[in-house]
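Remarks on the structure that follows.
The values are calculated or read from the model by the stated rules, or taken from the named source; none is laboratory data. Bear in mind the structure is a predicted one, so any value in this text is a computation, not a measurement. Glycine also receives a Cβ, built like all others from the backbone with ideal geometry; neighbour counts cover every protein chain displayed.
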Number of protein chains: 2
Amino acid sequence: MKTYLDCIPCFFTQALRAGRIATNDEMLIKRMLDDIGLRLKDISLDCTPPEIGRTIYGRIREMTGQPDPYRAIKDRSTAKGLELYPELKKVIAQSEDPLLTAVRLAVAGNIIDFGVFESVDIDDTIQTVMKQKFAIGDYPLFRERIEAAQQILYIGDNAGETVFDRMLIEEIGKPVVYAVRAEPVINDATHDDAVAAGIDGVATIVSSGTDAPGAVLPTCSDEFIERLEQAELIISKGQGNYEGLSQTPYPIFFLLMAKCRIIASDIGVTQGDIILKAHNL
Amino acid sequence: MKTYLDCIPCFFTQALRAGRIATNDEMLIKRMLDDIGLRLKDISLDCTPPEIGRTIYGRIREMTGQPDPYRAIKDRSTAKGLELYPELKKVIAQSEDPLLTAVRLAVAGNIIDFGVFESVDIDDTIQTVMKQKFAIGDYPLFRERIEAAQQILYIGDNAGETVFDRMLIEEIGKPVVYAVRAEPVINDATHDDAVAAGIDGVATIVSSGTDAPGAVLPTCSDEFIERLEQAELIISKGQGNYEGLSQTPYPIFFLLMAKCRIIASDIGVTQGDIILKAHNL
């Protein structure tokens, strides 16, 4: 997805939020916003938003000297996910279509995104998403392709959401390679976050090589791009990965809630909609 | 009111909205946002937000070559106000306390602010504000001071709202000097807008000398500052005038709805609250 003009004020909103998580020094945050302001003229709308996010969050790390400002938030998200895990496993097992229930929970997990919302009521969200109609619901094709696949490349998004991804991977019951960010960016899952969620017990964890908040190809490792090119089937979680991959030729199921109005419009749905969208499939 | 860090993303949101009203050329709007980005480092948080707004809207006028991009919106707002005028005059006349009803309508008129909201349902707003409790309600003192005053300086805000100001001025029944912006900025009322609303029949219209979207003293004319200094009683409408005047020593009643979360917090109320606040009185 290209960057829309509407993304520009949002970059400053995100930088302010991340700046306040990284430091209490308001003047330092002002200098970070000034720094982003100076760079704006060099930012092309042809880039994807997470490519620009990469620059912004990189500058915040450099200017605050905090390599992982969302560490505590990510840990809390993972702990909350693990706390819910036993109960949600029962919900999946007792449901009419466990795979579909696990897909729905994986979307619910996508809402645990402290980079977008200030706070969420996770339990309420799960109840809502379990009943919510998919705005784009390619589940029959998803089930068919999952059943036929030998191996799946699953691109993770946020820490905490990882626990919900784990439950979906357990239902899929096929060999899965789970890709995470190479470096901390916002609350996105890195290798450590995936391990903390127990993903290492159900999938092979690999790095996408990027420190952008999304699978932005020009910033991914050659090794990961080779994986994308050879992948039989890809599951891409969340907005950042959608933004990075929506114009690529790979066989992807995008699984996300459209939390942002602009992304929703790009997909052709309404803000707040949940989506399981087949792409090149 | 000083500028908060939270105002910075909002400056870009406002610039984008105003840019889209002024032109359809997305690349020109990008260049305008870039231009504001470059200026950000020179913007001090010690300025008031409308002082910064003045720079931003000035650049939009210069870069688009549109001296008054909100002309059509202002005309529609004034026309809508005049359409409602006869009916609302009856509502005032038949009410238990006509002055209070006129005050409430003047707040309702403050909601006709296309600089903040994309669209509003004016009739619904009027119904709501007629029943809404004031978060700060200095009406008893307001009535007392209005009755005692020889002359009142009334600082207007938006076009369209001017019709509602006219109704309050008619209820006040004292000599009123009505101050408007010197130049078009957002949808703020200038001399022509005040005349179109019929203010010239009930008050003496003067210019504040500023092209900022609020009474920002360093940008006002000496003549207007002299009026402020000599004023027995001032009514200040809207957020922009609050931002410009909240730290001045003049005897003011601030009359507004706190549409912005940051201004609400500065006043000590909740976003969406309506306020009649005595200041230095």
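Here are the numbers:
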{"item": "Close pairs from segment A:268-281: first crowded, with 18+ Cβ neighbours inside 10 Å, partner polar (S, T, N, Q), Cβ under 8 Å, at least 6 apart", "result": "A:274/A:132; A:279/A:246"}
{"item": "Within segment B:36-46, considering residues that are at pLDDT 95 or above and surrounded by 20 or more Cβ atoms within 10 Å (Cβ to Cβ), the one farthest from the other protein chains (Cβ to nearest Cβ)", "result": "B:36"}
{"item": "Condition met for residue B:222 (under 24 Å from residue B:276 (Cα atoms), in the same structural domain as residue B:177 (by TED's automatic domain parsing) and in contact with a Gly (Cβ under 9 Å, 6 or more places away or on another chain))", "result": "no"}
{"item": "Selection count where residues are of a type in the set (A, V, I, L, M, F, W, C) and under 25 Å from residue B:208 (Cβ atoms), scope segment B:8-55", "result": "11"}
{"item": "Residues being free of Cβ contacts under 8 Å to residues at least 24 places away in the same chain and closer than 22 Å to residue A:46 by Cα - total across segment A:223-241", "result": "1"}
{"item": "Which listed residue, of A:67, A:49, is more than 14 Å from every other protein chain (Cβ to nearest Cβ), surrounded by 15 or more Cβ atoms within 10 Å (Cβ to Cβ) and either modelled with pLDDT under 95 or within 23 Å of the chain's Cα centre (by Cα) (or both)", "result": "A:49"}
{"item": "Boolean, residue A:29 is at the interface with another protein chain (Cβ under 8 Å from one of its Cβ atoms), crowded, with 20+ Cβ neighbours inside 10 Å and more than 21 Å from residue A:260 (Cβ to Cβ)", "result": "yes"}
{"item": "Qualifying residue in segment A:79-87 (condition: away from chain B (no Cβ under 12 Å), acidic (Asp, Glu), under 20 Å from the mean Cα position of the chain (by Cα) and more than 26 Å from residue A:218 (Cβ to Cβ))", "result": "no"}
{"item": "Residues satisfying the stated conditions in segment A:1-26, i.e. crowded, with 16+ Cβ neighbours inside 10 Å, away from every other protein chain (no Cβ under 11 Å) and not small (Gly, Ala, Ser)", "result": "A:1, A:21, A:23"}
{"item": "Pairs where the first residue, in segment A:7-24, is over 18 Å from residue A:72 (Cβ atoms) and the second is surrounded by fewer than 18 Cβ atoms within 10 Å (Cβ to Cβ), C-beta under 7 Å, 6+ apart", "result": "A:9/B:13; A:16/B:6"}
